[in-house]
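Let me begin by presenting the structure, written as structure tokens, before commenting on it.
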Amino acid sequence: MLNMTLTSSKWPEDSKDKAIKLHALLSLNENNWHQLKGDSDRRAAELLSGALVQLISAGKRSDVEDLINQSMRWIKHEIKAPSCPKR
């Protein structure tokens with residue numbers, strides 16, 4: 001009998017864990033927010049990696065689309081960073 005866990009997944013083994021790690025690496029945090037908040041490429045990459053995590057995790061398609069659309073706005077320089085979250 002085939003192992004259904006291995007055969008039923010369309011994603012390579014460890015894809016989800018690696019996508020989550022990539023998203024964590026690219027995500028802005030309290031230590032780098034001020035430095036990177038206006039970097040449109042970085043912000044787009046953060047959003048795209050989040051979309052990848054959602055897609056691999058069987059998240060809602062609308063959430064994936066929203067993240068991709070928001071990343072496109074950063075790529076096109078249509079949006080700017082909000083003010084400091086601590087203010």
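Sub-6 Å Cβ pairs linking a first residue in the range 20-34 that is closer than 15 Å to Q54 by Cβ to a second residue that is part of a helix (DSSP H, G or I) and of a type in the set (A, V, I, L, M, F, W, C), at least 6 apart or interchain, are I20/V53; H23/V53; L26/A45, ordered by first then second residue. Consider the range 36-82 and keep the residues that are of a type in the set (S, T, Y) and under 20 Å from I20 (Cα atoms). The one that is nearest to the chain's Cα centre (by Cα) is S49.
The set of residues in the range 34-87 being modelled with pLDDT under 95 and assigned to a helix (DSSP H, G or I) consists of H34, Q35, L36. Kindly indicate the residue of the range 9-33 that is part of a loop (DSSP other than H, G, I, E, B) and of a type in the set (S, T, N, Q) and also modelled with the lowest pLDDT among those meeting that condition. Selected residue: S9. Taking each residue of the range 35-62 that is under 15 Å from K10 (Cβ atoms) and looking for partners that are among the small types (G, A, S) and buried (at least 19 other Cβ atoms within 10 Å of the Cβ) with beta-carbon atoms closer than 9 Å, six or more apart or interchain, yields L52/A19; L55/A19; I56/A19; S57/A19; G59/A51.
The values are calculated or read from the model by the stated rules, or taken from the named source; none is laboratory data. If you're wondering where the values come from, they're calculated on a predicted model, not measured in any experiment. FYI the Cβ positions are ideal-geometry reconstructions off the backbone, even for glycines, and counts take in every protein chain you see.
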